[in-house]
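Since the structure comes first, as structure tokens, the remarks are kept for the end.
The values are calculated or read from the model by the stated rules, or taken from the named source; none is laboratory data. Predicted model only: the values in this text are computed from it and were never measured. Note that each Cβ is placed from the backbone with ideal geometry, even for glycine, and that neighbours are counted across all protein chains shown. Ligands, DNA and RNA are stripped out before the accessible areas are found, and what is left, the full protein with its side chains, is counted by its heavy atoms. Shrake-Rupley method; radii C 1.70, N 1.55, O 1.52, S 1.80 Å.
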Amino acid sequence: MPQPSCRKALLIIDMQVGLFHGAVPPFAGDRVLANINQLIANARSAGAPILAVRHTGPQGSPLAPDGPLTQLIPQLDVQSERDILFSKTRPNCFHETELAPLLRQRAIDELVVVGMKTEFCIDSTCRAAADGGWKVTLIADAHTTMDTAALSADAIVAHHNATLSAAFVTLSTAQAYSF
């Protein structure tokens, strides 16, 4: 596997059954999934690590760690025998997880962030990664959410792309990004 000159890693957040295939479909879900799968292929070709995290709750809850809602969606090209999979219990992927030590151990300087949900886990993780000293690239067309009572999902995505790129991330598109 070729080694990238800049140590980058792809972080896929919460692309799990309970969110992606829930009662309300995510905004532009098919496009977001296709873009994430393209980024996975590009990361693999470049030898960049692929990290997939899923949000879990306590045993007996709808988000029980072994329950069907917390499983990664089967359409996602993540390979459990090759890629790094881990769980979290908070929106911030760094909170009480192995993410930061893993990135330091592998000398990762840049985290490429994709997944769901924009206003929760994407936002929290981008801010925490920037605070932790990593360069963060948010793929503007590879994260999503659902409509809320206050805002449409496309407005939430657009707002977070603008807000996060002001201080925390560099924006790119899936097609333009190169590992």
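Let me cross-check GLU81: its accessible surface, 1.4 Å probe, with only protein heavy atoms counted, in Å² to the nearest 10?
150 Å²
Highest mean first, what order results for 62-73, 41-52, 118-129 on Cβ atoms within 10 Å?
My ranking of the peptides, most packed first, is 118-129, 41-52, 62-73.
LYS135 versus ARG90, label points 7 Å from Cα toward the beta carbon: distance in nm?
2.8 nm
Quick one: dipole size for region 1-135, taken about the Cα centre, charges +1 on Lys/Arg Cβ and -1 on Asp/Glu Cβ, in debye to the nearest 20.
Using Cβ point charges on Lys, Arg, Asp and Glu, region 1-135 gives about 260 debye.
Per the helix-only calculation at 222 nm, which mean residue ellipticity applies to the chain, given -39500 (n - 2.57) for every DSSP H run of n ≥ 4 and division by its residues, nearest 500 deg cm²/dmol?
Counting only the DSSP helices, I get -9000 deg cm²/dmol.
Relative contact order, percent, of the chain when contacts are C-alpha pairs under 8 Å separated by at least 6 residues?
27 percent
Residues with amide H under 5 Å of THR137's amide H, sequence separation 5 or more or different chain, H placed in the peptide plane at 1.01 Å from N; which?
The answer is LEU111, VAL112, VAL113, THR170.
Go ahead and run the numbers for FRET between ALA162 and VAL17, Cβ-Cβ distance against an R0 of 35 Å, rounding to 0.05.
0.70
Label ARG82 and GLN175 with points 7 Å out from Cα along Cα→Cβ: what is the distance between them in nm?
According to this spin-label approximation, the distance is 2.6 nm.
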